[in-house]
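The values are calculated or read from the model by the stated rules, or taken from the named source; none is laboratory data. All of these numbers come straight from a predicted model, not from anything done at the bench. Counting neighbours? That spans all protein chains shown, and the Cβs are built from the backbone with ideal geometry, glycine included. Side chains included, ligands, DNA and RNA excluded: accessible areas come from the protein's heavy atoms. Shrake-Rupley method; radii C 1.70, N 1.55, O 1.52, S 1.80 Å.
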Amino acid sequence: MKIGTKIVHEGQEPEKTTGAVIPPIYQTTTFAQKDPGVPIAEFEYTRAGNPNFSRLEQTLAAAENGRFATVFSSGLGAMTAWLATVGQGAIVANEDLYGGTYRLLINVFERYGIKCTFVASDDVASWKGAITSETKWVLVETPTNPLLKVVDLKAVCKLAHAKKAKVIVDNTFASPVLQNPLDLGADVVLHSSTKYLGGHSDVVGGVLITNDEGLKKDFDFYRKAMGLNPSPFDCWLVSRGIKTLALRMAQHQKNAKAVAAFLKKSVSVKNVYYPGFGGMVSVRFKDDKAAKKFIKGLKLFCLAESLGGVESLVCQPSSMTHASIPKAEREKIGIDDALVRLSVGIEDEVDLLADIAAALR
Ligand SMILES: Cc1ncc(COP(=O)(O)O)c(C=O)c1O
């Protein structure tokens, strides 16, 4: 089955007892038991599990061609559960990661014995030099946030597995419509479902997907033990939003390609970052003043954090999404005040280009 069909049907079956085509929101904290310790179905308490979690997990696992998924309260909630599974040890990751991921690795988990080495995303030799027999896990974000660099996943997975390290891929920017890391050798896929999966900027959520039953058990355990669960309603919203993911990605991509091509022709723009697929475009202006003027001049692109919703958004990563990375570190990898990130929505291309043209003027 193709992904456009799977996201409409897998985990999306009518509810068995009433036939409701759209399942209810199981807004309950707890589930009645037949005997002490014997639940009626598989559910006991919503921190540990809920029918809305299970349905969404079935959809998301299918979308990524995986066997198992565990949903969380946010993308960083999913990252936290994965890091709890890692325990202590050495991790290799790419240097231009989402700022919140960097903060979680350095400002939280380093204290508990995680040691992270950062490498240049698009340089396989740099990954090769950093991945050693000491490496426990490799964390890859691709395309990267906000510079949209692409990591050669097949090559990095091969390097990691040769050293007996596992690979987790943050696939938030590509979405499962454009990239399936498990098929390229990854052990785990992570999404912030806040973004393209939900697609409507109305829900915060995260997920880990894997083919490894042992890892699935660990992820479920840490969700329950650490209280990283989502709410039933939030899962219901993602289950609803994801049905149009393939349609939305096609329109995001068509618009983003047009926006990138248009910006490339502008004399006020120094650099355009677009990997050739997906809905994200970053632009470097000649200085921070020009960048700010452009941001302020946009009318359809709303100045806000996040991405992947139907509406176009603009942000300045240095002061917003990546502000938690120390300035010197940030600037070393090219995230300065002249850089602007666009999440290109699904509006009509003509209107988006007109808005950009006006802001450039
Ligand atoms: C690539 C990437 N991964 C993870 C996250 C974290 O997700 P959440 O905000 O749902 O915790 C984000 C958030 O912007 C992101 O852009």
Report task. Give me the angle, in degrees from 0 to 90, between the Cα long axis of helix 288-297 and the longest principal axis of the Cα atoms of the chain, rounded to the nearest 10. Result -> 70
**Report entry** Solvent-accessible surface (1.4 angstrom probe) belonging to GLU213, in square angstrom, nearest 10
**Finding:** 100
Requested in this report: Could you tell me what percent of the DSSP beta bridges with both partners in the chain are antiparallel, to the nearest 5?
Outcome: 55
Query raised in the report: At a Förster radius of 25 Å, what calculated FRET efficiency corresponds to the Cβ-Cβ distance of ALA358 and LYS264, to the nearest 0.05?
Result: 0.90
**Report entry** Local net charge near ASN255, Cβ-Cβ under 12 Å (Lys/Arg +1, Asp/Glu -1)
**Finding:** -3
**Report entry** Solvent-accessible surface (1.4 angstrom probe) belonging to ARG47, in square angstrom, nearest 10
**Finding:** 90
Query raised in the report: What is segment 245-360's relative contact order, in percent, from Cα pairs under 8 angstrom and six or more apart in sequence?
Result: 31
Query raised in the report: Excluding same-chain residues fewer than 8 positions from LYS158, which lysines have a Cα within less than 24 Å of its Cα?
Result: LYS115, LYS128, LYS136, LYS149, LYS166, LYS216
Query - With Cα atoms, 0 to 90° folded angle of helix 245-264 axis to the chain main axis - result: 10
Report summary line: Restricting to Cα pairs under 8 Å and 6 or more apart, the percent relative contact order of segment 149-257 works out to 22
Requested in this report: Could you list which residues have their amide H under 5 Å from that of LYS115, counting only those 5 or more apart in sequence or on another chain, with H placed in the peptide plane?
Outcome: GLY89, ALA90, ILE91
**Report entry** Carbon plus sulfur fraction of accessible area for segment 245-360, probe 1.4 Å, in percent
**Finding:** 57
Report summary line: per DSSP, antiparallel bridges as share of beta bridges in segment 245-360, % nearest 5, sits at 85
Query raised in the report: Considering only segment 69-161, what is the antiparallel percent among its DSSP beta bridges, to the nearest 5?
Result: 0
Query raised in the report: Spin-label point model (7 Å from Cα, Cβ direction): what's the MET226 to ASN271 distance in nm?
Result: 3.4
Query raised in the report: Using a 1.4 Å probe, what is the accessible area per residue for segment 37-188, in Å²?
Result: 36
Report task. Per DSSP H run of at least 4 residues, take -39500 (n - 2.57); add these up for the chain, divide by its residues and hand me the 222 nm value, nearest 500 deg cm²/dmol. Result -> -10500 deg cm²/dmol
Query raised in the report: Around ALA186, with a cut-off of 13 angstrom between Cβ atoms, what is the net charge of the other residues, counting Lys and Arg +1 and Asp and Glu -1?
Result: -4
Requested in this report: Taking 7 Å along the Cα-to-C-beta vector as the label spot, tell me the LYS217-ARG67 distance in nanometres, rounded to one decimal.
Outcome: 1.2
Query raised in the report: Scattering from the C-alpha atoms of the chain alone, worked out with Debye: what is log10 I(q)/I(0) at q = 0.09, 0.11, 0.13 1/Å?
Result: -0.50, -0.75, -1.02
Report summary line: The distance between the Cα centres of segment 164-224 and segment 30-80, in whole Å, is 15
Query - Residue-normalised accessible area of segment 245-360, given per residue in Å² at a 1.4 Å probe - result: 43
Query raised in the report: So how exposed is THR132, as accessible area in Å² (1.4 Å probe, rounded to 10)?
Result: 60
Report task. Could you please report the charge total around LEU56, scoring K, R as +1 and D, E as -1 over all other residues with beta-carbon less than 12 angstrom from its beta-carbon? Result -> 0
**Report entry** Hz values of 3J(HN,Hα) by residue in segment 16-26 - Karplus curve (6.51, -1.76, 1.60), Gly and Pro given as x
**Finding:** 5, 6, 10, x, 3, 5, 9, x, x, 8, 7
Report summary line: Diffing segment 179-192: the Karplus 3J(HN,Hα) column from phi (6.51, -1.76, 1.60, θ = phi - 60°), in whole Hz with x for Gly and Pro, holds 7, 10, x, 4, 5, 9, x, 5, 8, 9, 10, 10, 10, 8
**Report entry** the chain - percent relative contact order, Cα under 8 Å, separation 6 or more
**Finding:** 17
Report task. Please give the residues of segment 66-100, grouped as numeric ranges, whose backbone N is less than 13 Å from a label point set 7 Å along the Cα-to-Cβ vector of ASN107. Result -> 99-100
